[in-house]
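Here, each number is a calculation from the coordinates, and none is a lab measurement. Just so it is clear, the structure is predicted and the values come from calculations on it, not from any experiment. We place every Cβ from the backbone using ideal geometry, glycine too, and count neighbours over all the protein chains shown.
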Amino acid sequence: MIRLHESTETTLLELAKKKVYLEGNIIKLIETDSKEFKKYLVEAKNKDSDTRKRRLQVTKQVQSQNKELTQKQSENDKLMEELHIALEEAKNAEWEADKLREEAERGKEKALGDLDLMQRKSQFELIGTIVKVALFVIIGVGTLTTVMYGMAIAYDKETQIIGSTWSNMFGILLTNAFSIVGTIMGVKYANDSVKNKEE
């Protein structure tokens, strides 16, 4: 055990008035005969005990807060990683959507081109059919009228009516032939104009 000098005890009692006390295990080792200093030692021991309890509580609180902060940091790291993955997936999805849009646009352009080609082919086939039928009709009517006119001349019959009919018939057939050709050329010109406007 430790005994302090009387002046040291007096100094410690003076410090106690300013609320400054001894701390730690040394308090347990000091012994004295002074009642006042014994009272001081008991009070110092109680204050030390209270201080230790408060420090322990603060330490536990700090440790608890550190544990919570560590958990929150871990959760934040996990959320950031998930967010990063989600952003990457969103970028990939957007890239895929752009790629699909481009493919759809190319497919649309190709389909429109094929449709235009088919329409033109159908129009040219229709025009060709109309021209063939018109030519057959013109040639047939012209041949028939010419044969009738030739027979009338060969059999020495009246040719004035047939001659004027033959002449009128050829005029009408030529007019219709030019009308058909003009219509066909107009359709072709209109199709070319529409195509140039679209481009």
nm² value of the averaged projected area, convex hull over the Cα atoms of the chain:
23.8
Pair residue 115, residue 129: separation of 7 Å Cα→Cβ label points (nm):
2.2
Those trypsin sites (Lys or Arg not before Pro) in region 11-100 that DSSP places in a loop and that have at most 15 other beta carbons within 10 Å:
18, 19
Distance violations [Cα-Cα > 18 Å] among 18/39; 28/60; 17/47; 18/47; 18/60:
28/60; 18/60
Please list, in order along region 26-32, the HN-Hα scalar couplings obtained from phi with the Karplus expression 6.51 cos²θ - 1.76 cosθ + 1.60 (θ = phi - 60°), rounded to whole Hz, x for Gly and Pro.
4, 4, 5, 8, 8, 10, 8
Efficiency of FRET from Cβ geometry, residue 14 and residue 55, R₀ 25 Å, rounded to 0.05:
0.45
Mean projected area, convex hull of alpha-carbon positions in region 1-55, reported to one decimal in nm², is 3.6
For residue 30, enumerate residues with amide H under 5 Å from its amide H, sequence gap 5+ or separate chain, H modeled in the peptide plane.
2
